[in-house]
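Trainee: Dumping the structure here so I can ask a few things about it.
The values are calculated or read from the model by the stated rules, or taken from the named source; none is laboratory data. On a predicted model such as this, the values are computed, not experimentally measured, just so you know. When we count neighbours, we look across all protein chains shown, and the Cβ atoms used for this are built from the backbone with ideal geometry, even at glycine.
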Amino acid sequence: MSDTPFSIDALELGPMENFVYLIRDHASQRAAIVDPAWDVQKVIELAQQQGVTITDVLLTHSHHDHINGINDVLNQYDAQLHLLKSEAEFWGQSLNMPSLHHGGDIIKLGDTEIKMLHTPGHTPGSACYHLGDDLITGDTMFVYGCGRCDLSGGDPEVMHNTLRKLAELPDTTLIHPGHNYADKTTCTMHEQVEGNPFMHFDSSDDFVHYRMHEHDKTRSSPYHAVLKK
């Protein structure tokens, strides 16, 4: 058994290579599902195999490819839905008694503490979930990439600031992205700082130009490390 009080399993589901995560608290046998979408029944079957009960649903943001399986979970479990208040306001949907949070809030999953980080840029209320040495990043940060900023609610200047703040996390922090877009499924923050081109810009203007005009012309998935020049 790991020294950490939790385990994280990732399932790649759907046509957009989404990662759906199952966080299991060892002591309580409670579990949280992150961004339930596409064939959520596979995640539910995994929870059943592990003998855990899904008590919480954590959203990184509200785009359709990350939330289209919410009802599949809530129809089978009396689970609490969690998202940032700013994302709920951006989403504008009528939700049934969700838990609305602010950046820095802690969600308790048994003995596991999950810190919600407000990481806007892809959407106004995008969140990352920080637990132990692990960071579930949704579409804020991919392995050697970052989320689009040209969709509704996106802001490349804000994304630049968000990524610079995430770079301050410990080098050993392990990234768990929202999509399988790279040559490997996870990496450390040190590897991100070294090899993610979006992490190489000191100038906000240069970042915005690269994100909005250059990146999609010069790079395609699977992403590989790009060392800073």
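Trainee: Please indicate, with yes or no, whether at least one residue in segment 71-81 is buried (at least 22 other Cβ atoms within 10 Å of the Cβ) and touching a residue at least 24 places away in the same chain (Cβ under 8 Å).
Mentor: no
Trainee: Continuing with this model, one more query. State which residue is surrounded by the most Cβ atoms within 10 Å (Cβ to Cβ) when the search covers only segment 95-123 and only residues that are free of Cβ contacts under 8 Å to residues at least 60 places away in the same chain and of a type in the set (Asp, Glu).
Mentor: Looking at the filtered set, the residue picked out is 105.
Trainee: Right, here's the next one. Restricting attention to segment 39-58, does a residue exist that is at positive phi and within 19 Å of the chain's Cα centre (by Cα)?
Mentor: no
Trainee: Shifting gears a bit: Within segment 1-54, count every residue that is in contact with a helix residue (DSSP H, G or I) (Cβ under 8 Å, 6 or more places away or on another chain) and either modelled with pLDDT under 95 or in a strand (DSSP E or B) (or both).
Mentor: The total comes to 11.
Trainee: For segment 32-70, name all the residues that are charged (D, E, K, R) and either touching a residue at least 40 places away in the same chain (Cβ under 8 Å) or within 18 Å of residue 90 (Cα to Cα) (or both).
Mentor: Of everything in segment 32-70, those that are charged (D, E, K, R) and either touching a residue at least 40 places away in the same chain (Cβ under 8 Å) or within 18 Å of residue 90 (Cα to Cα) (or both) turn out to be 35, 56, 65.
Trainee: Show me the strands (runs of 3 or more DSSP E) found entirely inside segment 124-228 where at least 2 residues are surrounded by 18 or more Cβ atoms within 10 Å (Cβ to Cβ), in contact (Cβ under 8 Å) with a residue 60 or more places away in the chain and touching a Cys at 6+ places or on another chain (Cβ under 7 Å).
Mentor: 134-138
Trainee: Also, quick follow-up: Quick test of your reading of the structure: residue 121 fulfils all but one of (1) assigned to a loop (DSSP other than H, G, I, E, B); (2) within 24 Å of residue 169 (Cβ to Cβ); (3) in contact with a His (Cβ under 7 Å, 6 or more places away or on another chain). Name the failing condition by number.
Mentor: (3)
Trainee: Given the criteria touching a Ser or Thr at 6+ places or on another chain (Cβ under 9 Å), surrounded by fewer than 23 Cβ atoms within 10 Å (Cβ to Cβ), closer than 27 Å to residue 122 by Cα and aliphatic (A, V, I, L, M), does residue 10 qualify?
Mentor: Taking the combined requirement at face value, the residue satisfies it.
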